[in-house]
Structure formats: structure tokens, C-alpha cells
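In what follows, a single structure is set out as C-alpha cells and then discussed.
The values are calculated or read from the model by the stated rules, or taken from the named source; none is laboratory data. Everything numeric in this text was worked out from a predicted model, so none of it was measured. Here the Cβ positions follow ideal geometry from the backbone for every residue, glycine too, while neighbour counts run over all protein chains shown. Surface accessibility is based on the protein's heavy atoms, side chains included, excluding ligands, DNA and RNA. Shrake-Rupley method; radii C 1.70, N 1.55, O 1.52, S 1.80 Å.
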Amino acid sequence: MNSNDLVKKFILKWATSSSNPKFAVLLDGHWGSGKTYFVQDLLESAELSKKKCVYISLFGVSDISTIEAQLFFSTASGTAKVAHFGARFVERALQSTLRFDVSGDGSPDGQLNGKLSGAADFIQRKFSEVENAFLILDDLERSKIDVEELFGFVNVFVEHGNARVLFIANTEKLQELSKFEEIKEKVIGKQLSLEANTSAALSNFISEIEPQSVREELQRLEEQIQRLYAISRSTNLRQLRQFVWSFSELLSEVPQSQLGNQSFLESLVLEFFLIFFELGEHLSDQAKRAVYGFSETEGQDRSRFFVASELETVLGRVPATEVLSRYGANVRIESPLEEQTWRQIVATGSPDSDTLRRDISQLDFSERRKEWPSWKRLWHYLDWDFSVETETDFLDEVTRLIDELRRKEISDCREFLHACGVLLFLKSNKSIPEETIVTFPNFQNYVDEVLESRYDEDTYLSICVHRERGYDGLGYHASRTEDFKKVFDLISSRLVAWHERWETDTYPARVLSEITEDPNEFFRSLSADASANQVLVSTTTLTNINPGSFTDTWLELPRPAERSLISCAGERYRNHSSLVAKEVDWWRKVQLELRARASSAEGSPRAAQILRHADDIEGLIGTDGF
């Protein structure tokens, strides 16, 4: 018997006891912790079948007379064991003519008008029934009545009658918490706390779903949903209920042919859960684009991935890699649907059926995997379906990967690191023989003989800046092992040395060429626009460019573009203020170069234009600027 069962047992004994305990009970729990579900289940108990039960929400109730009227209507109706009224009910009821059970035979055979005239005896009889009722007063923290006044009213039924009063509240949200703590013992004799019973609640939520075909699919996914909910660390059962209903609506649009595709459905529920529990409040249009951002240069469909490095800016204080790793992925989760489809689901609550079918028709996990290189197929070892492919097929894949390394066919640094990580991982799990080439000395030789000639800017960024991302954003297996760290650090150190040479020898000429050939692209890079190549921010600064060469190239631009440069530089420092200190001396040198050019053209209109640029630089980096 769990703690909630014990709470229920206590409340039923207290509510039906023949001896009057003369105290109220408080059931405390966070919003969304399952209090409402608990009470609904409680009221179905056989022990309460002969008890008059009245459930009243105090949400928005501002005076005692409203509660009195609600209690009267609940006993006067005579048509239900449980009455559930809110503050607005009384207002609506008193504006109409109502029928009540005046004779007491259970049928509504009398009328009372809005003034309740001529019914004093009837009212007295009905209020006497309240004295023996089980009263449930929910949403205590949302009541507008002074807590002392409310407790004084309830105490009449508790101390001087035989009623049982159960308060339901999230005490952390009580506006008068200190006052509540001071006076609660005068009325409340027992305070109980609920633990969220996720398993029972989830089963109940799913049981309410129609049609049957969707409900049955949800029941097959129930264990996964419960596991995801535990990973999310949420305690809000109300949100879980909303998720189940929303996901059922999505499932109802899935073609019947896919409802038995477990791999598809598990991928679908995982990503929908991520959106619903982790990303929902962040999914503005801009954020949604960032969520699905992916490097097209790697030749992948950018619309089918959650990528951690992009999520980083969306989730803010919660590192995206931490979020995704909790759900069983390193830095990326593959999506069964395209970006546009998910955006449509978030915006409208439901996808277009044709769009959903189009996405599904393009999705064939087994066919796509056939096109992958060996290291990538092995990276997805958890998805390996041994009912389709045998253990021999798996070991053959391992052999193919080892042979590729022996033949020195893998020349991309990231792919090589993935191959190392996969093999080290399989070796640690005794999935491959000990005598294979999976040792650091062999890896080191490979780096020296094969990889060095393939270093480039993208490789540097991926390994030295986005260290955990890897190729395709997959992340690396066995990244915490000593052998992997050695080979990773070796490649990193070689890339850093390469990059220092690149910054001095290659980068300046490339920037000067870009200023001439594509000034708009240079201005985006200079201003650190999110849509541009970020090399000017993430890997180097302007200081490696010769100030004189930069000045000459700048002054060869058309006048409108020439004038735009300083404003783009201002945007740069607003976006990345840390760059100012690094580059201020370089701008001083450019300023001197501009004044030298103006001096040689002294007296001409062009000299005035050039001097204006020098003055603008002063505004950019001087005491009045950044």
C-alpha cells in the first residue's frame, strides 16, 4: 500500500466515523500534483455511498454568503450525491426559477423564485443536512475570503455539527500563509500530503481516450511515456493529462498502416514529449527555427533533427546537451517528422493529414540506414534490429569499419573520432575481440599519416569550439575513456596549431577578398549576424588583418557600402562586447591609416569623406563609444 492509499484510508475512516472527530482535514499538494484526480477517485468509494458529499471550488469566491448559497443549492437539488458548484453558479441560479425537492422524495416537485420566498422551513431542513455532510472545499489558496473568516464559518459545521470538512490546497501559494499557520490548528486537526501517483494517473488518462484504436496505441506506449515523464522531473499531472490528450489527437491523424510501426511511434512520442514538456514555452517562430538548425554543409536534411548546439540558445539557462542526454541522446535526436510539420502542430494543435502522410511516406529507417557508413550504423547500435539483421551482420559491420581504418579510407577528422569512439565502446562492452586495432598508438599513427592534410575551418570549429557535437551533431561514444581523450586531444592540438597558421597566412587574404567580392556577406560577418559565417567571432578577430591593406580595400568600396562599415562594426560590439578590448588598438591603427590617406588628398571632397570615417571610428571606440 503506497502513501496515497494510506491517505485515502485515513480520510474514509475520518469521513464515515460514527464518533465525531470535530476537526477538519487539509489535503496539501502542488498544483498539478493529482489532487483533483485523487478526490474524484475518493468520491467513488463504496464507503461514501450513503454520505451526502458536496464539492465546492473556492476559486474566486469572495464572501461567505456565496458559500452558504452553494451549500443550500447542493442539498436542495436532491438529484445527485455530489454537487460541484463554482462562484458563478449561484449568480446564474438566482436569476432564474429553479425546481427543488421540497417533499423529500428525491424528485424536484417545488419551485422557489430568486428571492426564495416562503421556504424558511425547507431551507432550515436542508441546511441541517449540511451538518452531517462530507464537505470538500477545493482551491483554498485561490479564495478571496479572509482565511480567519472562512475558518470561523467552517468551524460552525465542525465544532457544532457533525460535518466532515476536507480542505484542498497548495499551501505554498496561500497569500496569507503566516496567518494561516497561526490559526489552522483551531480548525484543522490533520494535514496530509499527496505524492503524485504517475502510474495510476497515466493509466486513467489513457483510459479516457477515444477512439479505441488510438487508446490501444497509447497503452502500448504507456511505459515509454511514464519513463519520459520521470526523466522530465515534472510533478504536474495536469500537464501530463494535457500531453496525453494532445498526443492522442496527433495519433488520430497517423495513417492506420503506421499505427503498428513501433519504431515510428516511439520516435514520435519522444519528440512530441520534448516539445510539450521541454520546449513548448520557448517555441517562438525564431526559436523554432533555431531548434531545427543544422549545418547543411554536412549534407543532411536539416528539417529532421533536434541539435543541442542550436537548442542552447533556446533553452537559455538549461544546457541543451544536458536536456537531450537525459532523454538518451548525446547532442541530437532524430525526428520522424519535418520541421514545418512540427511547427504546424505547435501552432494549430494538429497537423494537416496530407502533410503528415507525406512525411511518413518519406520515412524508412531501414532503407536510410543502408546508405550510412559503417561507423554511423554502429553508432546507432541501440536501434539494431536483430530480428531483421543477425549478430553475424553486426560483427561483419564491425569488420568493415576496422578494414576501412586499416586501408586509411576515413579522412574526415570527425568521422574518424566517431569510428574510434564506436570501436572503443564496443571493445569496452566485449562486443569485439581484444586483439583488434583499437589502441591509442594505432590511432595516433592514423592522425599523423591521414588526417593532417584534411584540416579546415569547419573541422576546427566542430572539434575545438563545439567539442561534443561531432559529425552530424551525433556526439561521440566512449568520450570519457582515456584512449578516446588521448586521440581527441591529439587532433585538437594539431588543429589549434594549424589554425594559428591559418589565421596568419590564409584568413586575412580571405577577408580582404570577401570585402571586395561580397561586401554584404562581410558586413553580416562583421556585425555577427546570426545568419552569417561566425568565423569573425568564434575563431579569430580583425587584428590579424593588416590595417593598411584593410583601409585600402575599404576605401575601394562604393560610397553607400563604404559608409555602412562602421555601423556594422557597432552592431558587432553590441552583440559581442568582449571583442572591444581585443580590437580597439587595431581600430586605432586603421584610424591613423585613414588620416594618412586624407592628408594625401588634402583639400579635396574625398579627403572630407575619409576624415568622416576616422571620426566615426572615434565614436565607435572612444570615450563616447564602446
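Within the stretch 488-518, restricting attention to residues that are more than 14 Å from LEU451 (Cβ to Cβ) and aromatic (Phe, Trp, Tyr), the residue that is most open to solvent (accessible area, probe 1.4 Å) is TRP502.
Inspection of the stretch 21-38 finds no residue satisfying the criterion of being of a type in the set (Gly, Ala, Ser), open to solvent by less than 50 Å² (accessible area, probe 1.4 Å) and in a helix (DSSP H, G or I).
How many of the residues making up the stretch 581-593 are touching a helix residue (DSSP H, G or I) at 6+ places or on another chain (Cβ under 7 Å), surrounded by fewer than 16 Cβ atoms within 10 Å (Cβ to Cβ) and at pLDDT below 90?
Taking the stretch 581-593 and keeping what is touching a helix residue (DSSP H, G or I) at 6+ places or on another chain (Cβ under 7 Å), we get 582-584, 586-587, 589-591, 593.
Okay, now just the ones that are also surrounded by fewer than 16 Cβ atoms within 10 Å (Cβ to Cβ), so 582, 589.
Checking which are at pLDDT below 90 leaves us with 582.
Residues that pass the stated criteria total 1.
Residues in the stretch 410-420 include at least one that is among the small types (Gly, Ala, Ser), assigned to a helix (DSSP H, G or I), surrounded by 13 or more Cβ atoms within 10 Å (Cβ to Cβ) and at pLDDT 85 or above. Taking every residue in the stretch 2-19 that is without any contact (Cβ under 8 Å) to a residue 12 or more places away in the chain and pairing it with any residue that is buried (at least 17 other Cβ atoms within 10 Å of the Cβ) and not aromatic (Phe, Trp, Tyr), at least 6 positions away or on another chain, yields no pair with a Cβ-Cβ distance below 7 Å.
Hey, does the stretch 192-199 have a residue that's in a helix (DSSP H, G or I), out of contact with any strand residue (DSSP E or B) (no Cβ under 7 Å at 6 or more places or on another chain) and not β-branched (Val, Ile, Thr)? Yes, the conditions are met somewhere in the stretch 192-199.
I'd like the residue in the stretch 171-184 that is farther than 20 Å from GLY29 by Cβ and exposed (fewer than 13 other Cβ atoms within 10 Å of the Cβ) and, out of all such residues, is modelled with the lowest pLDDT.
The extreme case among them is SER178.
Condition check for VAL61 on (1) under 23 Å from ILE145 (Cβ atoms); (2) open to solvent by 70 Å² or more (accessible area, probe 1.4 Å): one failure, at (2).
Within the stretch 250-270, track down each residue that is in contact with a strand residue (DSSP E or B) (Cβ under 8 Å, 6 or more places away or on another chain) and at pLDDT 80 or above.
First, the residues of the stretch 250-270 that are in contact with a strand residue (DSSP E or B) (Cβ under 8 Å, 6 or more places away or on another chain): 267, 270.
If the condition is that a residue be in contact with a strand residue (DSSP E or B) (Cβ under 8 Å, 6 or more places away or on another chain) and at pLDDT 80 or above, then LEU270 is the only one that fits.
The set of residues in the stretch 501-527 that are of a type in the set (Val, Ile, Thr) and in contact (Cβ under 8 Å) with a residue 24 or more places away in the chain comprises THR504, VAL511, ILE515, THR516.
I'd like the residue in the stretch 230-249 that is open to solvent by less than 10 Å² (accessible area, probe 1.4 Å) and at pLDDT 85 or above and, out of all such residues, is nearest to PHE205 (Cα to Cα). Filtering first and then ranking leaves VAL244. Each residue in the stretch 42-66 was checked for being without any contact (Cβ under 8 Å) to a residue 40 or more places away in the chain and among the small types (Gly, Ala, Ser), and 4 of them qualify. Just for the stretch 210-236: of the residues that are polar (S, T, N, Q) and not in a helix (DSSP H, G or I), which one is nearest to the chain's Cα centre (by Cα)? Checking each candidate, the answer is SER234.
Could you tell me whether the stretch 489-506 includes any residue that is of a type in the set (Ser, Thr, Tyr) and outside any helix (DSSP H, G or I)? Within the stretch 489-506 (the criterion being of a type in the set (Ser, Thr, Tyr) and outside any helix (DSSP H, G or I)), the answer is yes, since at least one residue qualifies.
Residues GLU222, GLU217: which one is open to solvent by 30 Å² or more (accessible area, probe 1.4 Å), more than 30 Å from ALA24 (Cα to Cα) and out of contact with any strand residue (DSSP E or B) (no Cβ under 8 Å at 6 or more places or on another chain)?
Values: GLU217 fails: open to solvent by 30 Å² or more (accessible area, probe 1.4 Å).
Just a single option satisfies the conditions, and that option is GLU222.
Taken over the stretch 560-577, the criterion of being open to solvent by 80 Å² or more (accessible area, probe 1.4 Å) and outside any helix (DSSP H, G or I) is satisfied by SER577 alone.
I want to confirm something. Restricting to the stretch 594-618 and keeping residues that are of a type in the set (Lys, Arg) and over 15 Å from ILE566 (Cα atoms), which single residue is surrounded by the most Cβ atoms within 10 Å (Cβ to Cβ)? Here the residue is ARG597. Within the stretch 443-488, the set of residues being under 14 Å from LEU424 (Cα atoms) and either more than 31 Å from the chain's Cα centre (by Cα) or in a helix (DSSP H, G or I) (or both) comprises PHE443, GLU482, ASP483, PHE484, LYS485, LYS486, VAL487, PHE488. Of all residues in the stretch 536-547, those satisfying the criterion of being modelled with pLDDT of 85 or more and open to solvent by 10 Å² or more (accessible area, probe 1.4 Å) are THR543, ASN544, ASN546, PRO547.
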